[in-house]
Amino acid sequence: LQVVLSRLPIGDLATQYFADRDIFCAGRVAEDDLQRVAKVTGAQVQTTVNNVLPSNLGTCGAFEERQVGNERYNLFTECPESKSATIVLRGGSEQVSCYHASSLAAVSIASAAAAHPLVDA
């Protein structure tokens, strides 16, 4: 599956053009998301669709669009430059979600402290 992401909206005609060629497209993608995807896939953000070189395109092992609750997520997995993971937290209320996020932050801090213990002199 090929994927096209754009900062700008993608019109209905262009969306149909891509769909007819089995290309997933998403418009109005935030700049930081574009940069993050480009970094992990090895792609370069383009300012035009003219003269796109294969060396500017990125790759990933798998792509899927998944709905979690009311939100839709585009998941790029098995990326060659990936050095992180994403965890989606959901709870019955914002308070529960904040509690989960705080717990994960505490685990991260404890993990970093265990990996790099201080030496007392």
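The values are calculated or read from the model by the stated rules, or taken from the named source; none is laboratory data. Since the structure is predicted, the reported quantities are computational estimates derived from the model, not experimental observations. No Cβ is skipped: glycine too gets one built from the backbone with ideal geometry, and neighbour counts run over all protein chains shown. Keep in mind that these areas ignore ligands, DNA and RNA; they rest on the heavy atoms of the full protein, side chains included. Shrake-Rupley method; radii C 1.70, N 1.55, O 1.52, S 1.80 Å.
For the range 14-121, the solvent-accessible area with a 1.4 angstrom probe is 80 square angstrom per residue.
If you line up the long axis of helix 31-41 against the longest principal axis of the chain, both from Cα atoms, how many degrees apart are they, to the nearest 10? In the chain, helix 31-41 runs at an angle near 90 degrees to the longest axis.
Between V29, V45, V107, find the one with the highest GNM mean-square fluctuation for the chain; connect C-alpha pairs within less than 10 Å. In the Gaussian network model the winner is V107.
The phi-based Karplus calculation (6.51 cos²θ - 1.76 cosθ + 1.60; θ = phi - 60°) puts the 3J(HN,Hα) values of the range 103-108 at 5, 5, 4, 5, 5, 4 Hz, whole numbers, x for Gly and Pro.
Counting heavy atoms of the protein chains alone, E78 has an accessible area of about 140 Å² for a 1.4 Å probe. Of all the options A110, A85, A26, the one that moves most in a Gaussian network model of the chain with Cα springs shorter than 10 angstrom is A110. Ligands, DNA and RNA left out, the accessible area of the chain computed with a 1.4 Å probe is 53% carbon and sulfur.
Taking 0.36 nm per residue of sequence separation and removing the Cα-Cα distance, the A85/A115 pair yields an extension gain of 8.9 nm. Note that the range 72-83 has calculated 3J(HN,Hα) couplings of 10, 10, 9, 9, 9, 10, 6, 7, x, 10, 6, 10 Hz, one per residue in order, obtained from phi through the Karplus relation 6.51 cos²θ - 1.76 cosθ + 1.60 (θ = phi - 60°); glycine and proline are x. With volume of the Cα convex hull per residue in Å³ as the read-out, I listed (1) 121; (2) 167; (3) 151; which label goes with the value calculated from this structure? Among (1) 121; (2) 167; (3) 151, the one calculated here is (2). With all protein chains in place and ligands, DNA and RNA left out, the 1.4 Å accessible area ranks R28, R7 as R28, R7, largest first. Using the Cβ-Cβ distance between E31 and A106 with R0 set to 30 Å, the FRET efficiency works out to roughly 0.45. For the set D32, D22, solvent exposure ranked by accessible area (probe 1.4 Å, protein chains only) runs largest to smallest as D22, D32. Accessible area ranking (1.4 Å probe, heavy atoms, ligands and nucleic acids excluded), largest first, for L104, L34: L104, L34. Pairs of Cα atoms nearer than 8 Å and 6+ residues apart set the relative contact order; for the range 12-121 it is 16 percent. Among E64, E81, E94, the largest mean-square fluctuation in a Gaussian network model of the chain (Cα springs under 10 Å) belongs to E94.
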